[in-house]
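Below is one structure, written out as structure tokens; comments come after it.
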Amino acid sequence: MHPDMPAIPLPPEPQTIEQTGLTLGFLADLALKTLYLRGQMSMSDIAGALGLSIQGVTDKIMDFLKTERLVEIRGGAGISSASYQFVIVDRGSEKAQEALARSQYVGKAPVPLATYVAAVQRQSISNIHVTPEDLARAFAHMVIPRETLAQLGPAVNSGKSIFLFGPPGNGKTTIGEVLVSLMRGEVVLPYAVEIDQQVIKIFDQVYHRPVMEQAASDRLRFDHRWIISKRPIVMTGGELTLETLDLIYDETSKFYEAPFQMKANGGIFMVDDFGRQRVSPKDLLNRWIVPLEKRVDYLTLHTGKKIEIPFDMLIIFSTNLDPADLVDEAFLRRIRYKIGIEAPTVAQYEEIFKRMCARKNIEYRAESMSQILAIYRTKNIGLRSCHPRDIIEQLIDTARFLGQPPALTSQLVEMACESYFVSLDPSGNPKD
């Protein structure tokens, strides 16, 4: 096996136009738009831009464009067709502009929707299985109760939905990020999908992380309309709206951007700060009743046509609001796993503080812990798992300002806590 070869089956390289699942006309338009925007290109460059092989596919596309007198060959070194240099001619420029008016999509050739659906089903997260040992390893850097881990394990293996709730600052978002590390293996996903000559762009470098350098990927023989990625994690917050959960059609570019859940297929979709979106929790969950139960979603093209796509992800709702205030019992029933992430005990808080001191190379002092806990009592503030990290970082900043080495001195602890914590009086105003 090639040392760079991932441990997943890769889509085979199409050897003919028919095997791409696309029409010659569609591919010719895409090649013409690419050449129009980039200028003179070799056959090899055009094939690379489209993600298609030269022999049997790109050479046939370029033969067609040449026969139609839309492009010309301007030389090329050697006898290999890969080195042929193509330029667009006047009639070709007109045709390219017409093609751009229909769709400005330029990039790797898309794959047919049915091919994409089959690939998602083949790589389903329902195939993932984590053990108690996997979970313990993944969360070793966090101080987290054993009973919480015992709930998270079955939830991950279910590949369904999780509701994380509890006070802010206790690691709900971090837990979501750790869970994606348990999603071992890779997925292959297409750069774009085609349906009825329409293009839906899927690959998003924010969420999809290639597992190898481009040069290493290029050396492998497979369908380069696909990319090998780590399992995606899509995190959204207040920006989530009902509109962003459907196909996003750009009137100018004339192609679609895939919605969040389509980009999350095969991985995790985390709705952070659930309940603080502009869309109401009830409307959001109404939108997801079918996907949560049937594991398929329906998206609408601007023509009105509906398409069915897989809804194959671990979906995590995270909130610091009371679940009972957000949704009714019927909706909560559809979210399979409800896991409370509570504020730390004093012992857990102290353990987190010790670990943060070790990470920052600061000597831990028990008397400093007592001093900090006394400040909590004085200010009537609840313990939070994020506080030790924040207090120590505040202390380091203060020490640097004062020209002192960072250490748990009484003065630096006091100054760090005073500048970090704000006590409110009953009216909601800061106390003096």
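Readers should treat all values here as calculations from the given coordinates under stated rules, not as data from a laboratory. Everything numeric here is computed off the predicted structure, so don't read it as measured data. For neighbour counting, all protein chains shown are included, and Cβ atoms are generated from backbone atoms with ideal geometry for every residue, glycine included.
Here is how the numbers come out for the structure above:
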read-out: Among H129, H387, H141, residue whose mean-square fluctuation peaks in a GNM of the chain (springs only between Cα atoms under 10 Å); value: H141
read-out: Under Karplus coefficients 6.51, -1.76 and 1.60, residue-wise ³J(HN,Hα) of segment 237-248 in Hz, glycine/proline x; value: x, x, 6, 5, 10, 4, 5, 6, 9, 10, 4, 9
read-out: Cα convex hull of the chain, projected area averaged across orientations, nm²; value: 27.7 nm²
read-out: Cα pair distances exceeding 28 angstrom across segment 116-340, given as percent; value: 31 percent
read-out: Cα-based radius of gyration of segment 346-420 once divided by 2.2 N^0.38 Å, which approximates compact folds; value: 0.99
read-out: Size-normalised alpha-carbon gyration radius of segment 156-199, reference 2.2 N^0.38 Å; value: 1.79
read-out: All Cα pairs of segment 23-108, percent lying beyond 19 Å; value: 27 percent
read-out: Gaussian network model of the chain, springs between alpha carbon atoms under 10 Å - residue of I61, I73, I202 with greatest fluctuation; value: I73
read-out: Dipole moment magnitude, nearest 20 debye, the chain about Cα centre, only Lys, Arg, Asp, Glu C-beta charged; value: 500 debye
read-out: Per-residue HN-Hα couplings for segment 270-278 [Karplus 6.51, -1.76, 1.60; θ = phi - 60°; Hz; x = Gly/Pro]; value: 10, 9, 7, 6, 4, x, 10, 7, 5
read-out: Prolate/oblate/rounded label for segment 158-263 (Cα gyration tensor, a/c 1.5); value: oblate
read-out: Three principal axis lengths of segment 296-418 [C-alpha, angstrom, descending]; value: 67, 31, 22
read-out: Helix axis angle, 346-359 relative to the chain longest principal axis, alpha carbon, degrees; value: 60 degrees
read-out: Span from the segment 175-191 Cα centroid across to the segment 259-305 one, whole angstrom; value: 19 Å
